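J.: There's a structure below that I have some questions on.
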Amino acid sequence: MKFLGNIKAVLPIAIAAALAFGHQPASAQGLFDMLFGGGIRHNPQGEFPPPPKPRKIGPATPGAGGGGARISSPTYNTYRADKLVRVDFKSLLPAPPPATAQDAAFVPSVTSTAFRDAVAGLGDYELFAEPDIAKALIAYYSANPDFIWVSDNAPNSRAQDAVRVLGEAASYGLTPADYSVDIPAAATSATPEERTRELVRFEMALSARVLRYARDAQSGRVDPNRMTGYYDFPAKPFDLEGALKTLAHTQEVRTYLESRHPQNPEYQALRVELEALEASEENEIVVDPKLLLKPGESSPELPK
């Protein structure tokens, strides 16, 4: 009975203390632990930590490292080919010799020893080519003053092979007019000076067109990187002077020029398809622009 009496005495005090301390969370100790201490304290497990406070990101500083780089969308460009320039033959022209009776009677022959005299016929010659090809022509003939395409006062067999290959450019999807060269006539009533001038101009024109053909065969007539920013194809280097050196020391001109084209099976398949399209009776498919078909109707235009 004395024990019960002690509980009755303590209970009102405990209730008052509970009201004074306010509401405790569910994880707090029991009432008697709060009053008398002791017991096992509950340590909550598996609870997520509070989320971190948002961090303010300032504007990106140009040139600073890290993120914030702005990527612009690719653009479409109006295609522009290389602007042709006139080949400057001034550096090839020989210095004017003093006029003597012997010089006036001298008629230069079209041989390797007479090349420097023959280039005098280029003084007023207008030959246009791509800037790098024009530069390569002057560089090569300055270091190698000799003919590649002319022998015995006429175009040689090397020149004939080159002209034939250039004339077959359409079979590779190229335009033959871009590589055309005027061939000197075999029989002519021109004077020796006029013949020499005609041949040296043929020499330069054929070299320029052969270089254009060889480079286009290797890299393509159109540069896709100039069409749009979507493309970033690496350039295919082509040694223009080296090509002339090779052609000057080989009789296999056709083999060399044709080897500049891609040799993979896919490219050969495209050539076969191009040949088939050119041989077809109807090269251009034209459909009547006023054609109007309704469900169930037919028209001879359908196979097109």
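Read the figures in this text as sums done on the coordinates, not as results from a lab. Since the model is a prediction, treat every value here as computed from it, not as a measurement. Cβ placement follows ideal geometry from the backbone for every residue including glycine, while neighbour counts extend to all protein chains displayed.
J.: Given (1) closer than 23 Å to Tyr125 by Cα; (2) not small (Gly, Ala, Ser); (3) not in a loop (DSSP other than H, G, I, E, B), where does Arg164 come up short, assuming only one miss?
T.: Just one mismatch for Arg164, condition (1).
J.: Please go through segment 171-210 and pick out each residue that is of a type in the set (Gly, Ala, Ser), surrounded by fewer than 19 Cβ atoms within 10 Å (Cβ to Cβ) and in contact (Cβ under 8 Å) with a residue 40 or more places away in the chain.
T.: Ser171, Gly173 - these are the residues of segment 171-210 that are of a type in the set (Gly, Ala, Ser), surrounded by fewer than 19 Cβ atoms within 10 Å (Cβ to Cβ) and in contact (Cβ under 8 Å) with a residue 40 or more places away in the chain.
J.: Okay, moving on. How many of the residues making up segment 229-258 are under 14 Å from the mean Cα position of the chain (by Cα) and either surrounded by 13 or more Cβ atoms within 10 Å (Cβ to Cβ) or in a helix (DSSP H, G or I) (or both)?
T.: Residues in segment 229-258 being under 14 Å from the mean Cα position of the chain (by Cα) and either surrounded by 13 or more Cβ atoms within 10 Å (Cβ to Cβ) or in a helix (DSSP H, G or I) (or both): 1 in total.
J.: Within segment 260-267, is there a residue that is on the phi < 0 side of the Ramachandran plot, part of a helix (DSSP H, G or I) and of a type in the set (Phe, Trp, Tyr)?
T.: Within segment 260-267, one or more residues are on the phi < 0 side of the Ramachandran plot, part of a helix (DSSP H, G or I) and of a type in the set (Phe, Trp, Tyr).
J.: In segment 127-150, what residues are part of a loop (DSSP other than H, G, I, E, B) and within 26 Å of the chain's Cα centre (by Cα)?
T.: Just the residues of segment 127-150 that are part of a loop (DSSP other than H, G, I, E, B), to begin with: 127, 130, 144-149.
Across segment 127-150, the qualifying residue is only Glu130.
J.: So, one more: Ser157 versus (1) farther than 18 Å from Glu258 by Cβ; (2) over 29 Å from the mean Cα position of the chain (by Cα); (3) surrounded by fewer than 14 Cβ atoms within 10 Å (Cβ to Cβ): which is the lone unmet condition?
T.: For Ser157, the failing item is (1).
J.: Okay, next question. Which of the residues that make up segment 167-186 are assigned to a loop (DSSP other than H, G, I, E, B) and either out of contact with any Gly (no Cβ under 9 Å at 6 or more places or on another chain) or over 21 Å from Lys83 (Cα atoms) (or both)?
T.: Selection gives Glu168, Gly173, Leu174, Thr175, Val181, Asp182, Ile183, Pro184, Ala185, Ala186.
J.: Turning to a different aspect of this structure: Which residue pairs have Cβ atoms under 7 Å apart, sit 6 or more places apart or on different chains, and have a first residue in segment 289-304 that is surrounded by 10 or more Cβ atoms within 10 Å (Cβ to Cβ) and a second that is among the aliphatic types (A, V, I, L, M)?
T.: Filtered contacts from segment 289-304: Ser299/Leu291; Ser299/Leu293; Glu301/Val287; Glu301/Leu291; Lys304/Ile285; Lys304/Val287.
J.: Right, here's the next one. Return only the number of the condition from (1) over 22 Å from Tyr179 (Cβ atoms); (2) part of a helix (DSSP H, G or I); (3) of a type in the set (D, E, K, R) that Glu275 does not satisfy.
T.: It is condition (1) that Glu275 fails.
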